[in-house]
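Input: a single structure, listed below in structure tokens.
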Amino acid sequence: MRNAGRHGSLDGAPDPELVRSLWVLREAGPQPRRAAADARDLANRLRPLLEEAAPAAGLRNRLQAGPAARAEAEAAVTELRRLLADAERRGLRERFAQASVDLLRGQDTDRAALAAGTDFERDPDAYRRLLEGLAPREAAARPEPLRRRR
């Protein structure tokens with residue numbers, strides 16, 4: 001759905017594949033979006049800690065690192081363990097897995113296309129709002145032309 005804006009619009013005769021993709025998102029509800037936001041947050045918090053913890057990865061790295069780097073690595077490993085334990089307590093792994101299942105489960109494409117088309121006919125504005133939330137407006141997404149310096 002990252003390329004939603006490239007696959008057409010919902011005006012006129014909408015692309016059935018786009019409608020079916022949006023239908024999957026509507027059927028899944030807000031949980032996958034929340035799981036994705038939690039995953040981004042966790043990744044942003046883990047990334048710098050993983051870099052700091054690198055000297056703790058193996059005896060060779062520890063020997064090559066100075067005392068300060070080893071101390072920082074130990075602190076980063078401790079924080080990584082705390083964050084991962086917290087994520088486990090909050091059930092993030094299960095939520096990520098469920099979001100994947102909700103969004104990627106195989107569907108009978110004929111039935112999904114029929115259900116999506118029917119749902120779109122019933123409430124096309126909901127599909128437009130969903131698409132607008134996923135893809136920036138064409139004008140906003142188009143970068144300004146580069147100006148040459150003289």
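The values are calculated or read from the model by the stated rules, or taken from the named source; none is laboratory data. Quick caveat, the model's predicted, so the values are computed rather than measured. Backbone-built Cβ (ideal geometry, glycine too); neighbour counts: all protein chains shown. Heavy atoms of the whole protein, side chains included, go into the accessibility calculation; ligands, DNA and RNA do not. Shrake-Rupley method; radii C 1.70, N 1.55, O 1.52, S 1.80 Å.
Tabulated data for the structure shown
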item	result
Pair list, Cβ under 8 Å, 6 or more apart: segment 23-47 residue at positive phi and of a type in the set (A, V, I, L, M, F, W, C), other residue part of a helix (DSSP H, G or I) and open to solvent by 40 Å² or more (accessible area, probe 1.4 Å)	none
Residue within segment 37-50 that is within 21 Å of the chain's Cα centre (by Cα) and more than 30 Å from LEU134 (Cβ to Cβ) present	yes
Check on PRO32, open to solvent by less than 60 Å² (accessible area, probe 1.4 Å), under 25 Å from the mean Cα position of the chain (by Cα) and modelled with pLDDT under 95	yes
Selection within segment 4-29 - open to solvent by 70 Å² or more (accessible area, probe 1.4 Å) and at pLDDT below 65	ARG6, HIS7
Those residues of segment 118-150 which are modelled with pLDDT of 80 or more and out of contact with any helix residue (DSSP H, G or I) (no Cβ under 6 Å at 6 or more places or on another chain), in sequence order	THR118, GLU121, ARG122, ASP123, PRO124, ASP125, ALA126, ARG128, ARG129, GLU132
